[in-house]
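Engineer: Dropping a structure here in structure tokens format, bear with me for questions.
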Amino acid sequence: MHATAPAPDRRSTLLFGRPGSHDDAQRLGEAVARTWHTTPYSSQPDIPLSIVASLALIPVKDHPGDIARTINEACDQHLVRGLREVWIHHWAQRPELAPAFAPMMAWLTKKVPSDLARSVRKVVETCLQHGLLEMTGSSDPGERSQVDVLSWTLTELRSPGARQRLGEFHTPPQVSQLIANVAVDGLPPAGERFLEPAGGSGGLFRALAQRLRELGGDPADYEWVLVELDGLAAAAAAVNAIVWGLGPRVVVARGDALRDPQVAERAGAAGVQLRAERDSILARVATIEGVRRVIDLVERAAEGHLP
Ligand SMILES: C[S@@+](CC[C@H](N)C(=O)[O-])C[C@H]1O[C@@H](n2cnc3c(N)ncnc32)[C@H](O)[C@@H]1O
């Protein structure tokens, strides 16, 4: 990887010490929105939200300093490629969530021009300076569930008019925690389902997951079903489900919970289908790779290169 220019040390420089509070997450969201609004792409909130999500989803955990260094040394286009690879990794791991992710991945399916790649770098640098990797980079899902960075980022990126129209005022985290503590006063049996019919980015699920952990449970033992009208909020919820360690039984349905009561059921069935398709693709790739290796072996044997 090549650095674009000899740059000053842009290592993950925290502005506010060790991050992790809701105030830190809010400051991050505000800073991302401010940075994005200085770019020519300010009318596309999906891009900075996708950048924050992609950085939060980097699968290598517990090494924020090394990751920041790699990012800082990459040129703009390699940085974009890295963000795209994180999405592809999670598409392969969690195909049932891919339809919900889609609005955040769309811009990465096209060629990214150099001025957009420069704008992407600005947002990435803002995220590093505000400690995003420290907020989401632990291998412990409980640590990663301290805050909802995507909720703050999405809220800050919306125009006040859009916020009003969507009624998108996510419940303050302290209030969600209070609700979760009252709703769950003993550890529910494993397999129980939690349902959020107007779920936003999943703030209530975060509070419930933390409550379950507090009671000695593991959120991954439960089923989580969320319906959300807005595509970006639903995408944020799907990302959060992974970041917060909600486990393998998560359904995020984009739709109208009032007008279409079957929307979650259909999304769940589609998810089962998508997992089966993913498995079949991987099996075919494995078969092709196996055949390729056998051919290679035969050729080496024919040429007398085998012991
Ligand atoms: C006030 S926010 C609350 C979000 C979340 N429950 C929380 O506590 O943070 C309301 C959310 O519900 C979504 N919403 C509103 N009407 C809906 C509907 N009929 N079906 C699904 N989602 C809906 C909005 O897009 C918005 O994200």
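Engineer: For the range 224-261 and the range 87-146, compute the distance between their C-alpha centroids and round to whole Å.
Structural biologist: Here the answer is 17 Å between Cα centres.
Engineer: Each residue of the range 132-148 in order: what ³J(HN,Hα) in whole Hz does its phi give by Karplus 6.51 cos²θ - 1.76 cosθ + 1.60, θ = phi - 60°, with x for Gly and Pro?
Structural biologist: Per-residue couplings from phi come out as 4, 5, 6, 6, 10, x, 7, 6, 8, x, x, 5, 6, 9, 5, 9, 10 Hz.
Engineer: Hey, any idea what % of the chain's accessible area is carbon plus sulfur with a 1.4 Å probe?
Structural biologist: 57
Engineer: Please give me the summed charge of the neighbours of Pro99: other residues whose Cβ is under 14 Å from its Cβ, Lys and Arg +1, Asp and Glu -1. It would help to have the intermediate numbers written out before the result.
Structural biologist: Numbers: positive: Arg94, Arg254, Arg266, Arg275, Arg278; negative: Glu96, Glu228, Glu277.
After counting each charged neighbour, the total is +2.
Engineer: Oh, and also: Label-point separation (nm) for Gln174 and Arg81, each offset 7 Å from Cα along Cα-to-Cβ?
Structural biologist: Distance between label points: 4.7 nm.
Engineer: Per residue, how many Å² of accessible area does the range 22-263 show with a 1.4 Å probe? Don't jump to the answer; show the numbers that get you there.
Structural biologist: Numbers: 10080 Å² over 242 residues.
Heavy-atom accessible area per residue stands at 42 Å².
Engineer: Long-range amide H contacts for Gly245: which residues qualify at under 5 Å (H placed 1.01 Å from N, peptide plane, sequence gap of 5 or more or a different chain)?
Structural biologist: none
Engineer: Same structure again: Using modelled backbone amide H atoms (1.01 Å from N, in-plane), which distant-in-sequence or interchain residues come within less than 5 Å of Glu196's amide H?
Structural biologist: Placed amide hydrogens put Val225, Leu226, Val227 under 5 Å from Glu196.
Engineer: So if we plug the beta-carbon distance of Asp185 and Glu143 into 1/(1 + (r/R0)^6) with R0 = 25 Å, what FRET efficiency do we get, rounded to 0.05?
Structural biologist: Details: r = 25 Å, r/R0 = 0.98.
The formula returns an efficiency of 0.55 here.
Engineer: Starting from the range 140-197, pick out the chymotrypsin sites (Phe, Trp or Tyr not before Pro) whose DSSP state is loop and whose Cβ has at most 10 other Cβ atoms within 10 Å.
Structural biologist: Details: sites: Trp152, Phe169, Phe194; in loops: Phe169.
Those satisfying the criteria are Phe169.
Engineer: With θ taken as phi - 60° and the coefficients 6.51, -1.76 and 1.60, list the Karplus ³J(HN,Hα) couplings across the range 46-54 in order, rounded to whole Hz; mark glycine and proline as x.
Structural biologist: 4, 6, x, 5, 5, 5, 4, 5, 5
Engineer: Something else now. Over the range 150-307, what portion of Cα pair distances is larger than 27 Å, expressed as a whole percent? It would help to have the intermediate numbers written out before the result.
Structural biologist: Details: 4994 of 12403 pairs.
For the range 150-307, the share of Cα pairs beyond 27 Å comes to 40 percent.
Engineer: Right, another one. Determine the sum of side-chain charges near Ala207: Lys and Arg each +1, Asp and Glu each -1, restricted to other residues whose C-beta is under 12 angstrom from that of Ala207. Don't jump to the answer; show the numbers that get you there.
Structural biologist: On the way: positive: Arg206, Arg211, Arg213; negative: Asp148, Glu196, Glu214.
Computed value for this residue: 0.
Engineer: Right, next: For the chain, give the magnitude of the charge dipole about the Cα centre (Cβ charges: +1 Lys/Arg, -1 Asp/Glu; no others), in debye to the nearest 20. Show your work: numbers first, answer last.
Structural biologist: On the way: 33 positive and 37 negative charges, 144 e Å.
With only Lys, Arg, Asp and Glu charged at Cβ, the dipole is about 680 debye.
Engineer: State the Kirkwood hydrodynamic radius of the range 110-164 in Å, one decimal place, computed from all pairs of distinct Cα atoms.
Structural biologist: Evaluated on the range 110-164, it is 13.4 Å.
Engineer: Which peptide among 112-125, 136-149 comes first, and what is the full order, when sorted by highest mean count of other Cβ atoms within 10 Å?
Structural biologist: On the way: 112-125: 18.5, 136-149: 20.5.
Ranked from most to least packed, the peptides come out as 136-149, 112-125.
Engineer: Something else: Sort the following peptides by mean Cβ neighbour count (other Cβ atoms within 10 Å, averaged over residues), highest first: 256-269, 98-111.
Structural biologist: Numbers: 256-269: 14.4, 98-111: 17.6.
Per-residue Cβ counts within 10 Å, averaged per peptide and sorted highest first, yield 98-111, 256-269.
Engineer: Calculate one ³J(HN,Hα) per residue across the range 269-275 by plugging θ = phi - 60° into the Karplus curve 6.51 cos²θ - 1.76 cosθ + 1.60, and present them in order as whole Hz with x for glycine and proline.
Structural biologist: Couplings: 5, 5, x, 4, 4, 5, 5 Hz.
Engineer: For the chain, just run the numbers: alpha carbon Rg, then divide by 2.2 N^0.38 Å, N being how many residues it has. Before the final figure, lay out the partial values.
Structural biologist: Values: Rg = 21.1 Å, N = 307, 2.2 N^0.38 = 19.4 Å.
Normalised Rg, Cα atoms only: 1.09.
The values are calculated or read from the model by the stated rules, or taken from the named source; none is laboratory data. Just so it is clear, the model here is predicted, and its values are computed rather than measured. Here Cβ is always computed from backbone atoms with ideal geometry, including for glycine, and neighbour counts include all displayed protein chains. These area figures cover heavy atoms from the full protein model, side chains too; ligands, DNA and RNA do not enter into them. Shrake-Rupley method; radii C 1.70, N 1.55, O 1.52, S 1.80 Å.
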